[in-house]
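The values are calculated or read from the model by the stated rules, or taken from the named source; none is laboratory data. What you see is a predicted model; the values in this text were computed from it and never measured. A quick note on method: Cβ atoms are made from the backbone with ideal geometry, for glycine too, and the neighbour counts reach across all protein chains shown.
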Amino acid sequence: MGMISEILSVIFGGDRNVLRETAEVFRENAEAGAVRGHGAQMAALAQMQAEFERTQRGAFDRVMDGVNRMPRPALALGTLGLLISAMANPVWFATRMQGLALVPEPLWWLLGVIVSFYFGARQQTKNQELQRDIAQNMARVPQVVQNISALRALDVASAATGGAAADEIEVVKPGENPALQTWKRASNEGGS
């Protein structure tokens, strides 16, 4: 028995686990890897949060934010304006469209690329915001489940009051329908 305990103390003694340390040479410790991954993810989120929570914004930043918000409303309102002008003054509209017909095709392609990149970047930003909102909502799921369980427990407790009048609401039995019974009586009396 003493020899076995000495062999085990050599392998597992001294706050070491030789088997585990040897296995970790060939395969990563999943728990330690998860801890490292969580740490890296939290550091990335903290960095992103620091970038977006700047409290001191200069005039240039505010002006650039305003300029970045202009293209979408300008395109939408400009298109509506063209439709209205086509109905209000067709000759003026046709004159402007003839001018657009003279724009070379490569310039149209360039405009298409610029608009695509602008709206593509905006779509990517919106998708990232959506993913963040989904993650925040998923983080609330345990609390919601706990609240639902508590409400169900209250429902069961109120049903177990033994029929006390103060705790019970009078419910029509499933087979009864007072309106239908009144109608049937009226029908029978009128038809008899």
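Quick one: is E170 within 43 Å of the chain's Cα centre (by Cα), charged (D, E, K, R), at pLDDT below 75 and not assigned by TED's automatic domain parsing to the domain that holds L45?
Working: within 43 Å of the chain's Cα centre (by Cα): yes; charged (D, E, K, R): yes; at pLDDT below 75: yes; not assigned by TED's automatic domain parsing to the domain that holds L45: yes.
Yes: the conditions hold for E170.
Looking at T161, is it surrounded by 10 or more Cβ atoms within 10 Å (Cβ to Cβ), of a type in the set (S, T, N, Q) and either modelled with pLDDT of 80 or more or within 30 Å of Q49 (Cβ to Cβ) (or both)? Break it down into steps so the answer makes sense when it comes.
On the way: surrounded by 10 or more Cβ atoms within 10 Å (Cβ to Cβ): yes; of a type in the set (S, T, N, Q): yes; either modelled with pLDDT of 80 or more or within 30 Å of Q49 (Cβ to Cβ) (or both): no.
In short, no.
Right, R122: closer than 30 Å to L45 by Cβ, surrounded by 10 or more Cβ atoms within 10 Å (Cβ to Cβ) and modelled with pLDDT of 85 or more or not?
Numbers: closer than 30 Å to L45 by Cβ: yes; surrounded by 10 or more Cβ atoms within 10 Å (Cβ to Cβ): yes; modelled with pLDDT of 85 or more: no.
Here the answer is no, as R122 does not meet what is asked.
Looking at V145, V103, which is the one that is modelled with pLDDT of 85 or more and not in a helix (DSSP H, G or I)?
On the way: V145 fails: not in a helix (DSSP H, G or I).
The conditions single out V103.
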